[in-house]
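Every number in this text was worked out from the coordinates using simple rules, so none of it is lab data. What you are looking at is a predicted structure, and each value in this text was computed from that prediction instead of being measured. As a convention, Cβ positions derive from the backbone with ideal geometry for all residues, glycine included, and neighbour counts pool all protein chains shown.
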Amino acid sequence: MIAPALAALVAAFPIKPPTPPVTVGEVDVVERLNERVPGDLRFVDAFENQVRLDEFLGHGKPVVLSLVYFDCPMLCSLVEKGLVKGLTESGLGLGKDYVALTVSMNPKDTPRVAAQAQAGYVGHLGNRQAATPRDWAFLTGGETSIHALAGALGFKYRWDAPTQQYEHPAVIFVLTPDGRIARYLYGVEFLARDLRLAVVEASEGRVGTTLDRVLLKCFQYDPASRKYRVVATNFVRAGAFCVFLMLVTGLAILWRQEWKRKNAATALLGRPAP
């Protein structure tokens, strides 16, 4: 009698698995490649000017974007320092080859704190001779604009009340000049090669050298490793082309030398005897 009663009870009130906490899975990146960030979002720059996001877009240069908060105890500063180091070593010039943008995810951050961060990070950046303060702007804003930008980027973060800190991914974004998301680069250290290739790729060939464009044929972004990897077939093709070019150049030099010798011999035979 007991067993059938228990079976009926379980059937009437099935046991459900425990629901995971609402915070699980909130810190993540959902890549939205080739999607455009909303240009009408309003922020405040380090000089307390009201600005729109599209003021930093559409000027013919890719945009290197980071989302941090300025009193972050560790991760944000590691991301920004890694970005400064990678950009410096890339050889790209701020204001010449790219512009950068750092936006705080904390609505309590102020323009004064943003100005201090801007002076500290940009002050350690190399290749910034042609740059103006707007070429790497540090912005603060309200929750609505911050959430809209983070959502457009697929950047999921949350406020952790017990630690009084934001939990967030370590990632930067490379945008095309017109504000489309071209590449996500992850971590706190960014290879100079990866940053350079990402910026050249986002510029669609308008930034960088001929060698950079050749390298883009040999390197492709690998989502699994989250780095640029050599494409063997393209690398072999590029190597074969270089060998062919060297062979043609060598033959041209030999042919020119032979032509000069023949001309010299002909001129010598044509001279009258003394």
For this session: Per residue of the stretch 103-114, in order, report the coupling 6.51 cos²θ - 1.76 cosθ + 1.60 (Karplus, θ = phi - 60°) as ³J(HN,Hα) in whole Hz, putting x for Gly and Pro.
Result: 10, 7, 8, 9, x, 8, 5, 10, x, 5, 5, 4
For this session: Enumerate the amide H contacts of D178 below 5 Å, restricted to partners 5 or more residues apart or on another chain; note that Pro and chain-start residues carry no placed amide H.
Result: G58
For this session: Taking H placed 1.01 Å from N in the peptide plane, check which residues at least 5 places from W136 or on another chain put their amide H under 5 Å from its amide H.
Result: A100
Exercise. Which net charge results for the neighbourhood of L78, defined as the other residues with beta-carbon distances under 14 angstrom from its beta-carbon, given Lys and Arg at +1 and Asp and Glu at -1?
Worked result: 0
For this session: Assuming R0 = 25 Å, can you tell me the calculated FRET efficiency for the pair Q129 and H59, based on Cβ-Cβ distance, to the nearest 0.05?
Result: 0.85
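What's the local net charge at F47, with K and R +1, D and E -1, over the other residues with C-beta under 14 Å away?
Details: positive: R112, R134; negative: D45, E48, E55, D135.
Value of the local net charge: -2.
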Problem set entry | Placed amide H near Q165: partners under 5 Å, 5+ positions off or other chain | D160
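Could you tell me the ratio Rg/Rh of the stretch 52-103? Both radii from Cα atoms, Rh via Kirkwood. Walk me through the numbers on the way to the answer.
Numbers: Rg = 12.2 Å, Rh = 12.1 Å.
My calculation puts Rg/Rh at 1.00.
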